[in-house]
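Student: Here it is, the structure, as structure tokens.
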Amino acid sequence: MYSIIPRLNISFLVLTAKKSVFSVLNTIELNKMQVFTQKRNPITGSTEWDVQHEDYDYHQEIARSAFADMLHDTERNKKYHRALQLAIEKMHRNGKKANVLDIGTGTGLLSIMAVKCGADSVTACEAFKPMADCCVKILQRNGVADKIKIIPKRSTDLIVGDDGDMPERANILVTEVFDTELIGEGALSTFDHAHKHLLEEDCIVVPDSAVIYAQVVECPMLQKWNKLNDLVDEDLNLILRTPESQKFTVTATGKAQAVFMWWELNMDTEVTPMLI
């Protein structure tokens, strides 16, 4: 028997003498365990496991991440602030209250922006309990704790109603649930659920939309970083099939060895897109 204790939202491999458990979303802690942290090899580009002591400080993973860089991204913050300002002003011009929902609030930065821009109510959810607790302290220090409701849940677990987490549906959604691939953090399912269960039909979403770009390049060095493996086994039957090829107009000669991808967010129809 063993007890499962969620830790940071990082991939870890945990081993005991008799059992091994792998969790993509959480760390799993077992008695007399060894912990392996998942890291990317910068030379090969592959993901590898590093052995760590059982008293490993998981907070190092956050300290080494780019979380602080994102918070101090002045251009990003200004555009989120301006988009929120426009959305709230539009609701007020239409004679409506501006009820904001902030999904994955983290430190509460976007929720604080919403309050500063004149939102009538702000509800923020954060599934990672330690982060939600930290957010409450940040709101208190900024004097807005009484204006923002923090709910330590996933947005897909929120309930709207008199006895629920939100008394009514929000008409403004603000969120930053995007990763390097734009939708890798489950953005599509998050937005889909929010529109169906948490937002009014005529709501405003910040960001408003996004565009993904891809560029085929010739680069021998990049090609060495990745090795393509067979996608399916001969005995596996695919239920859904996508086109195996698609035609494009070639604009330059060379070998197609890698694909660069980037994306930009359109914060609002009146705000300059934010390049990521």
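Student: Starting from the 7 Å offset along Cα-to-Cβ, what nm value, one decimal, do you get for the label separation of Asn142 and Glu168?
Tutor: 2.5
Student: Can you sort Lys255, Lys247, Lys90 so the residue with the fewest Cβ neighbours within 10 Å comes first?
Tutor: On the way: Lys255 11, Lys247 5, Lys90 16.
The order, fewest Cβ neighbours first, is Lys247, Lys255, Lys90.
Student: Can you put Met70, Met131 in order of Cβ neighbours within 10 angstrom, beginning with the fewest?
Tutor: Working: Met70 14, Met131 19.
Placing the least packed residue first, the sequence is Met70, Met131.
Student: Continuing with this model, one more query. Simple spin-label model, 7 Å along Cα-to-Cβ: Glu181 to Asn94 in nm?
Tutor: For Glu181 paired with Asn94, the spin-label model returns 3.4 nm.
Student: What length, rounded to one decimal in nm, is gained on full extension from Asp57 through to Thr74, with 0.36 nm per residue of separation minus their alpha-carbon distance?
Tutor: Values: separation 17, 0.36 × 17 = 6.12 nm, distance 3.01 nm.
Once the chain is fully extended between Asp57 and Thr74, it gains 3.1 nm.
Student: Run the simple label-point estimate for Val160 and Thr251 please: 7 Å along Cα→C-beta, distance reported in nm.
Tutor: According to this spin-label approximation, the distance is 4.3 nm.
Student: Answer rounded, prolate or oblate for region 68-208, using the Cα gyration tensor with square roots of eigenvalues a ≥ b ≥ c: rounded when a/c is under 1.5, else prolate when a/b is larger than b/c, else oblate.
Tutor: Numbers: a/c = 1.13, a/b = 1.09, b/c = 1.04.
Note, shape of region 68-208 comes out rounded.
Values quoted throughout were computed directly from the atomic coordinates according to the rules given, and no laboratory measurement underlies them. Because the structure is predicted, anything quoted here is derived from the model rather than measured. As a convention, Cβ positions derive from the backbone with ideal geometry for all residues, glycine included, and neighbour counts pool all protein chains shown.
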